[in-house]
Ligand SMILES: Nc1ncnc2c1ncn2[C@@H]1O[C@H](COP(=O)(O)OP(=O)(O)OP(=O)(O)O)[C@@H](O)[C@H]1O
C-alpha cells in the first residue's frame with residue numbers, strides 16, 4: 001500500500017503546475033490526500049496489528065492501528081476505533097459481546113514475541129482452542145517497560161474504564177477526573193484519535209486543539225498521535241494561544257494568581273474606557289489660518305455615538321472620528337462665515353480636516369488605535385492608569401500589577417492579551433497600512449520641525465509605527481498569500497494556530513486543574529460549541545489561581561450541562577510508592593481517595609541526607625532508565641549544579657524553558673526540574689529533594705509534593721536536611737548504592 005500510494009503521489013506531482021486555477025487546486029487536493037495517506041501508512045509501523053477477536057458471528061477479526069483490506073475488499077485489519085473493534089476493550093466473561101476469545105499480540109518490529117489470550121466464553125471454545133490458551137498479561141508487560149522519555153500509545157492495552165472515556169460522544173463537555181497515573185493524558189490523546197476517525201470530516205475542517213501545561217510536556221506527548229496515524233492536531237500551551245507569541249516565562253505565584261482572577265476582565269474593560277476618556281479642558285487645534293476648539297460637548301457626543309455602536313474599541317473609532325470631524329467641519333464653516341452647509345460640502349471639509357497632522361494627532365490622543373500589547377504595557381506601566389482601571393482591586397494588588405516596561409510576556413499575560421484583543425477588536429489591515437505610510441511621512445516632517453514643538457505629532461507617528469511594526473501583519477499577509485493558493489499548503493492546525501478567532505471542532509484540555517479563570521475565558525472563546533474533553537485531578541492543583549472544583553470552573557459556562565467520568569486505577573506508580581504518596585494526599589484532604597495501583601513488587605521508598613544526592617543520582621543512573629530529581633524552585637540552580645558535576649549528560653530544566661530545551665531534558669539520563677515542569681511526566685526513578693520545602697513553597701504546596709511523589713514508575717527516594725513531616729517520617733534510610741538491595 002505504501003508503494004502504491006507513493007506511486008500515486010508521484011504521478012500527481014509529475015503532472016506539474018499547469019492548467020486553470022481549478023485544475024491546480026484539484027491537483028493540490030489529490031497530492032495532499034496521497035501525502036497524508038502515505039504519512040499515516042508510515043506512522044503505524046510499531047504495533048500495526050496487536051489483537052485478534054474470535055467472534056461468534058463475524059469470525060476471526062484482527063485489530064490494528066488502522067483498517068486495511070486487500071484488492072478483493074476482504075478485511076485484513078480492523079481499525080481499533082471502529083465500532084466492531086469495541087469488544088476488544090470492553091468484553092468481559094460476564095458480558096462477552098459475542099466474543100469467545102480475545103488475543104493480545106506482542107510484537108517487536110515485525111516479529112510476534114508473545115501472545116496472550118483472555119477467555120471470554122469457555123463453552124464456545126473447541127478442545128483445540130482450549131489447549132492453545134495462554135494468559136500472559138500484556139498490560140503488565142507494557143507497564144513494566146523502561147521509560148524512553150516519550151509517551152507511547154497504549155492502543156493494544158486500553159482498559160475498559162478508559163475505553164468508555166475514549167469513545168464517549170463528541171458533543172458537550174466531558175470531564176475526566178482521575179488520580180495520578182490513571183492514564184488521563186494517554187486516554188485524552190486516544191480520544192482525539194477516536195474522534196477524528198469517527199467524525200473525520202467535521203473535525204478535520206475545524207481542527208482539534210490539545211492544551212497541555214508546559215512545553216516540555218508537549219514534547220513528551222507529541223509522538224502519540226502520529227504513532228496512531230493522526231498528525232493534524234494542534235498541541236499548544238495557554239502561553240502559545242495568542243498568535244505570534246510564545247510566552248513561557250513564569251512569575252511569582254501571587255502575581256500569576258491575580259492576573260488569573262476573573263476581576264481582571266473588568267479591569268481591562270475599564271482600561272480601554274480610560275483611553276476613551278474626555279479630557280477636562282477643551283482641546284485647541286492650531287491650523288495656522290484659524291484655530292479650532294474641541295469642547296466637552298462635542299467629545300461626549302462623539303464618544304456616546306461610538307460606544308452605542310457596541311463595536312470593539314478600534315472599530316468604534318471610525319464612528320468617533322466621523323462624528324468629531326463633522327462637528328469640526330461645521331465649526332470651520334462657521335469660522336469662515338458660511339453658515340449652513342450641505343452634505344457634500346460637509347464631506348469635503350471633513351476629508352480635508354482628516355489629513356491635517358494636527359487633527360490626526362489630536363484624534364489619536366482622544367481615541368487611539370490600540371493593540372493588546374500596547375494596552376497592557378501602558379496599564380502596567382502607570383500607577384495612575386492602574387488606579388483608574390483597577391479601582392476594584394486593593395492598593396496592594398494594584399502594586400503587584402505595576403511593572404515598568406515588559407521585557408517578556410508571561411504565561412499569565414496571555415489570557416489578558418486575549419481578553420484585550422476581544423475588547424479592542426482587529427485593526428483593519430488597510431487602515432494600518434495607510435496609517436503607517438502617513439506616519440512615516442509625518443515622522444520625517446516632524447523630525448525636521450522638532451524645534452516647533454510638534455511633540456504630539458511625533459509621539460503619534462512613533463506610536464503608529466510601533467503599532468504597525470508588529471509581526472502579526474506580516475503573518476496575516478503570508479497567510480493570505482497561502483490562501484490564494486500560490487504558497488505551500490497550510491494544514492488546518494496551522495491555519496487555526498495563526499488565527500485568534502478560530503473556532504475549533506473539539507478542544508482537549510490536559511492538567512486542566514491548573515488553569516486560571518482568565519485562561520478558561522480564552523479557551524471557551526475558541527470553542528463556541530463547547531465540545532470539550534477536560535482532563536485533570538483536583539488534588540494535584542498546584543497553581544494558586546487553579547481549580548478547587550470542576551463545578552467552579554464549568555458552571556459559569558455550561559451550568560449543569562457537563563458530564564464526568566472517573567478513572568480509578570493507577571498504571572504508573574507501584575503500590576509501595578503509592579502508599580507513601582497517599583499519606584501526603586491525606587494531608588491535603590482526608591476525603592480524597594488515592595487511585596489503586598495495578599502493580600506491586602516495586603522497591604520500598606527510601607530517605608537519605610541531602611548531601612548524598614550526587615552519589616545517589618549516580619547509583620540510580622547505574623540501575624538504568626530515566627532518572628529525575630524534583631527540587632524546590634529555590635534550590636533548582638544549586639542542586640542542578642551538584643548533579644551536573646556528578647553525572648554526564650544531566651540536564652537542568654529552568655522554569656519556563658522552551659520546547660527544545662524540554663526535549664533535551666526528556667532525552668537526558670537525568671533531569672533536574674521543579675514541580676511545575678514535572679507535571680504530567682514520568683520517570684523510572686525519582687528523587688524528591690527537600691520535600692517539606694516543596695510543600696511549603698506556595699499555598700498549594702502539599703499538592704505539589706503529591707505530584708512530585710507520583711512521577712516514578714519503579715523507584716522513589718527523598719533527600720533532605722530539614723526534618724521530614726509526619727507523612728514522610730519513618731522511611732528506611734539509604735546511604736548509597738541500590739535501594740533495598742534491589
Ligand atoms: N491501558 C494502559 N495500557 C498501558 N499503559 C497505560 C495504560 N493506561 C495508562 N498507561 C500508562 O500509565 C502511565 C500514566 O498515564 P498518564 O500519564 O496518561 O496518566 P495521568 O492520569 O495523566 O497522570 P498524571 O495525573 O500523574 O499526569 C503512562 O505511562 C501510560 O502510558
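Laboratory data are not the source of any read-out in this text; all were calculated from the coordinates shown. The model shown is predicted, which means the values in this text are computed figures rather than measured ones. Glycine also receives a Cβ, built like all others from the backbone with ideal geometry; neighbour counts cover every protein chain displayed.
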Next item on the list: Would you order 217, 30 from fewest to most other beta-carbon atoms within 10 Å of each residue's own beta-carbon?
Entry: 30, 217
Checklist line | residue 296 paired with residue 205, simple spin-label distance in nm, labels 7 Å along Cα-to-beta-carbon | finding: 5.5
Margin query: Quick check: from the Cα gyration tensor, does the range 250-346 come out rounded (a/c under 1.5), prolate or oblate?
Written below: prolate
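Report, as a whole number in µm² per second, the diffusion coefficient that Stokes-Einstein gives for the range 278-393 at 37 °C and 0.692 mPa s using the Kirkwood radius over alpha carbon pairs. Provide the component values of the computation, followed by the final result.
On the way: Rh = 15.6 Å.
Rounded to a whole number, D works out at 210 µm²/s.
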Next item on the list: List the equivalent ellipsoid semi-axes of the range 1-107 in whole Å, largest first, each obtained as the square root of 5λ for an eigenvalue λ of the Cα gyration tensor.
Entry: 38, 13, 11
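Find how much the distance from residue 263 to residue 618 grows on full extension, using 0.36 nm per residue of separation minus their present alpha carbon separation; answer in nm with one decimal. Write out the running numbers ahead of the final one.
On the way: separation 355, 0.36 × 355 = 127.80 nm, distance 4.90 nm.
The residue 263-residue 618 span can extend by a further 122.9 nm.
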Notebook entry, point to check: the range 361-390 to the range 607-627: how many Å between their Cα centroids?
Noted result: 53
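If you stretched the chain out fully between residue 558 and residue 6, how much longer would it get, using 0.36 nm times the residue separation minus the C-alpha to C-alpha distance? Show your work: numbers first, answer last.
On the way: separation 552, 0.36 × 552 = 198.72 nm, distance 4.68 nm.
Extra length available between residue 558 and residue 6 comes to 194.0 nm.
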Check: Rounded to two decimals, what is Rg over Rh for the range 206-298 when you use alpha-carbon atoms and the Kirkwood radius?
Finding: 1.30
Margin query: At q = 0.18, 0.19, 0.22, 0.27 Å⁻¹, what log₁₀ I(q)/I(0) does the range 163-246 have when each alpha carbon counts as one equal point scatterer in the Debye sum?
Written below: -0.85, -0.95, -1.24, -1.52
Item checked: Degrees, to the nearest 10: 414-424 long Cα axis against longest axis of the chain -> 40
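Compute the Rg to Rh ratio over the range 564-630 from the alpha carbon atoms, using the Kirkwood formula for Rh, and round to two decimal places.
Numbers: Rg = 14.8 Å, Rh = 14.1 Å.
Taking Rh as the inverse mean 1/r over Cα pairs, Rg/Rh reads 1.05.
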Note to self: Between the range 539-583 and the range 187-217, what is the separation of their alpha carbon centroids in Å?
What the structure shows: 21
Next item on the list: With all distinct Cα pairs included, what does the Kirkwood hydrodynamic radius of the chain come out to in Å, to one decimal, could you say?
Entry: 29.6
Margin query: What percentages make up the Cα-Cα pair-distance distribution of the range 630-702 when the bins are 5 Å wide from 0?
Written below: 3, 17, 28, 28, 16, 7, 1, 0
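Please rank 268, 245, fewest neighbouring Cβ atoms within 10 Å first, as an exposure proxy.
245, 268
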Notebook entry, point to check: By how many degrees, 0 to 90 and rounded to 10, does the Cα axis of helix 455-468 deviate from the longest principal axis of the chain?
Noted result: 30
Next item on the list: Could you work out the mean projected area of the convex hull around the alpha carbons of the range 505-600, in square nanometres to one decimal?
Entry: 6.9
Notebook entry, point to check: In degrees from 0 to 90, rounded to the nearest 10, what is the angle of the helix 429-448 Cα long axis to the longest principal axis of the chain?
Noted result: 50
Note to self: What distance in nm separates the two pseudo spin-label positions at residue 724 and residue 283, each 7 Å out from Cα along the beta-carbon direction?
What the structure shows: 6.8
Check: So how do 502, 80 line up by other beta-carbon neighbours within 10 Å, fewest first?
Finding: 502, 80
